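J.: Encoded as structure tokens, here's the structure I'll be asking about.
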Amino acid sequence: MSRPLRLGVNIDHVATVRNARGGAHPDPVRAAKLAIEAGADGITAHLREDRRHIVDRDIERLMAEIDRPLNFEMAATDEMLGIALSHKPHAACLVPEKRTEVTTEGGLDVIGQYDHLVRPVGELGAAGIRVSLFIDPELAQLDAAKRLGAPVVELHTGAYCDAHSPAEREAELARIVRAAAHAEAIGLECHAGHGLSYDTVGPVAAIQTIVELNIGHFLIGEAIFVGLTNSIARMRKAMDTARAAGMPA
């Protein structure tokens, strides 16, 4: 019997479109509510240092207005730690962040930044916020996350989604499968996300040791053509079908 698989919908790029004109439309909080109606189990929002999409008021409204868990993506900075501790979202996912990047370019280097991460992981956990670390599917990084005390890891699926050949994609998928199995073996809850689409989600959704997928940019882009509710409902169906069928990895 397959394990349940949650869908977290990232609404960052609704805010990107809004901010292009500097007004109030389209409203990312409205998008979050539609996502929940369409089958999302939670909402993800990344408050970046430069506020390029989600802004502080969005976080305030999401905390007040949605009835599903909020996954607050954040860099491990004093500013973001203070914001997370003041709002106390359900979860906080620590991600690497560079001001010049277009999107998150890779996983957090838990090994190299171990000492820097001790404080935010400890303080978030002590406040009752479920801490997740966004990392590449590397066993050594998983082991470091476990030592750090984070209960959750989210595997970066970008290399798998961006693979240039079937052989490369299979190799990247195998890395994800190994990492997810190792996460479970050492007692970490395993999530995954970044770049997933209708074409790539099935094999990842079929990995029984992954319990949540976080998907955003593709769903918001597809919504231009079919509407947000339809884009999310189709993704939800694709995930559930792959999970139930136990598609081979």
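J.: Return the pair list, or none, for Cβ contacts closer than 7 Å from residues in the range 50-70 that are more than 15 Å from Asp12 (Cβ to Cβ) to residues that are open to solvent by less than 70 Å² (accessible area, probe 1.4 Å) and in a loop (DSSP other than H, G, I, E, B), at least 6 apart or on different chains.
T.: Met63/Pro89; Arg68/Ala40; Arg68/Asp41
J.: Could you please give the count of residues in the range 6-30 that are open to solvent by 10 Å² or more (accessible area, probe 1.4 Å), among the hydrophobic types (A, V, I, L, M, F, W, C) and either more than 19 Å from Glu60 (Cβ to Cβ) or touching a residue at least 12 places away in the same chain (Cβ under 8 Å) (or both)?
T.: The number of residues fulfilling the criteria is 3.
J.: Please go through the range 157-198 and pick out each residue that is open to solvent by less than 20 Å² (accessible area, probe 1.4 Å) and assigned to a strand (DSSP E or B).
T.: Cys190, His191, Ala192, Gly193
J.: Select from the range 118-156 the residues that are part of a helix (DSSP H, G or I), of a type in the set (Gly, Ala, Ser), in contact with a helix residue (DSSP H, G or I) (Cβ under 8 Å, 6 or more places away or on another chain) and open to solvent by 40 Å² or more (accessible area, probe 1.4 Å) and list them in ascending order.
T.: none
J.: Working only within the range 210-227, note down all residues that are surrounded by fewer than 23 Cβ atoms within 10 Å (Cβ to Cβ) and in a helix (DSSP H, G or I).
T.: His217, Phe218, Gly221, Glu222, Ala223, Ile224, Phe225, Val226
J.: Criterion first (surrounded by fewer than 21 Cβ atoms within 10 Å (Cβ to Cβ), out of contact with any Pro (no Cβ under 6 Å at 6 or more places or on another chain) and not small (Gly, Ala, Ser)) does His87 satisfy it?
T.: So His87 fits the description; yes.
J.: Among the residues of the range 53-71 satisfying the criterion of being of a type in the set (A, V, I, L, M) and over 17 Å from the mean Cα position of the chain (by Cα), which is surrounded by the most Cβ atoms within 10 Å (Cβ to Cβ)?
T.: Ile66
J.: Here's a follow-up. Which condition breaks for Gly107 when tested against (1) surrounded by fewer than 20 Cβ atoms within 10 Å (Cβ to Cβ); (2) at pLDDT below 95?
T.: If we test Gly107 against (1) surrounded by fewer than 20 Cβ atoms within 10 Å (Cβ to Cβ); (2) at pLDDT below 95, just (1) comes out false.
The values are calculated or read from the model by the stated rules, or taken from the named source; none is laboratory data. Just so it is clear, the model here is predicted, and its values are computed rather than measured. A quick note on method: Cβ atoms are made from the backbone with ideal geometry, for glycine too, and the neighbour counts reach across all protein chains shown. Surface accessibility is based on the protein's heavy atoms, side chains included, excluding ligands, DNA and RNA. Shrake-Rupley method; radii C 1.70, N 1.55, O 1.52, S 1.80 Å.
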